[in-house]
Amino acid sequence: MTRFLIVEDHPLFGEALEGALQMATPEADILQATSIEGALGLLSSTGPVDLILLDLLVPDATGPSGIIRIRKAFPRIPVVIVSGYEDSQIISSALSLGVSGYILKSASKQELAQSVGEVLRGSICLPQAYRALAYSQRSAGPAQEFLKRLTDLTSQQLRVLEMIKRGLQNKQIAYELKISETTVKVHVSDILRKLNVLSRTKAIVEMSKIDFTALAGQGAAPKREQPDL
């Protein structure tokens with residue numbers, strides 16, 4: 001039996017994705033999570049799935065950090081991004097992190113089913129207009145170099161970095177992660193060293209250069225009230 005995991009915090013889109021998957025594979029077992037933490041917990045407790053469909057904007061991770069955390073924890077499970085953002089930089093950055101595809105939320109159920117089938121057969125699925133990205137050689141600019149350094153962070157360090165980006169101080173991070181403030185300081189020090197930056201502020205600035213929502217621009221996200229699937 002084919003098993004899918006949908007990671008999407010918007011109920012309407014979650015239902016729409018589930019309906020599309022059921023149409024494509026009626027016998028599939030479909031799990032749902034609304035956060036990266038929830039997804040990792042499900043995968044740890046219920047076993048691996050054949051494919052993860054991941055929204056970029058879940059509450060506890062925006063942009064690259066969520067992809068990296070899932071890829072680090074379960075590197076053999078293919079991940080497909082399902083997003084409303086249509087931008088070559090966003091898609092290129094996602095591909096750099098090893099995702100198996102990028103599906104637009106405006107896609108029809110038939111298009112989604114076809115894309116999922118491509119991934120399950122071992123191919124990369126992309127919107128028609130961006131398929132050349134799967135074969136092009138992208139230049140290693142500053143943002144891409146920083147993206148590579150991000151993948152050196154551990155899952156816990158990625159969680160700390162996400163909280164730093166949210167403006168949390170060490171004491172608040174320690175409370176949320178249920179660790180000591182001293183441990184947080186060690187994590188922050190390691191993060192800055194691995195990212196080759198001198199301060200938390202600089203880390204946030206560099207993150208913004210590859211944050212998928214920032215790349216798309218303020219107000220560029222489509223309205224989420226009415227899913228098209």
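The values are calculated or read from the model by the stated rules, or taken from the named source; none is laboratory data. Predicted, not measured: the structure shown is a model, and the values here were computed from it. Positions of Cβ are generated from backbone atoms using ideal geometry, with glycine treated the same way; all protein chains shown enter the neighbour counts.
Data overview
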item: Test: residue in the range 35-48 that is outside any helix (DSSP H, G or I) and surrounded by 17 or more Cβ atoms within 10 Å (Cβ to Cβ); result: no
item: Set SER155, SER180, SER189, SER139: member being modelled with pLDDT under 85 and hydroxyl-bearing (Ser, Thr, Tyr); result: SER139
item: Residues located in the range 41-92, provided they are in contact with a Lys or Arg (Cβ under 9 Å, 6 or more places away or on another chain) and among the small types (Gly, Ala, Ser); result: GLY47, ALA61, SER65, SER83, GLY84, SER92
item: Candidates LEU31, LEU53 - the one that is in a strand (DSSP E or B) and within 11 Å of the chain's Cα centre (by Cα); result: LEU53
item: Hits in the range 45-63 (condition: touching a residue at least 24 places away in the same chain (Cβ under 8 Å) and of a type in the set (S, T, N, Q)); result: THR62
item: Boolean, GLN22 is within 27 Å of GLN157 (Cα to Cα) and either part of a loop (DSSP other than H, G, I, E, B) or polar (S, T, N, Q) (or both); result: no
item: Residue list for the range 102-117, restricted to those being surrounded by 20 or more Cβ atoms within 10 Å (Cβ to Cβ) and either at positive phi or basic (Lys, Arg) (or both); result: LYS105
item: Within the range 95-114, tally of residues that are in a loop (DSSP other than H, G, I, E, B) and closer than 22 Å to ILE77 by Cβ; result: 6
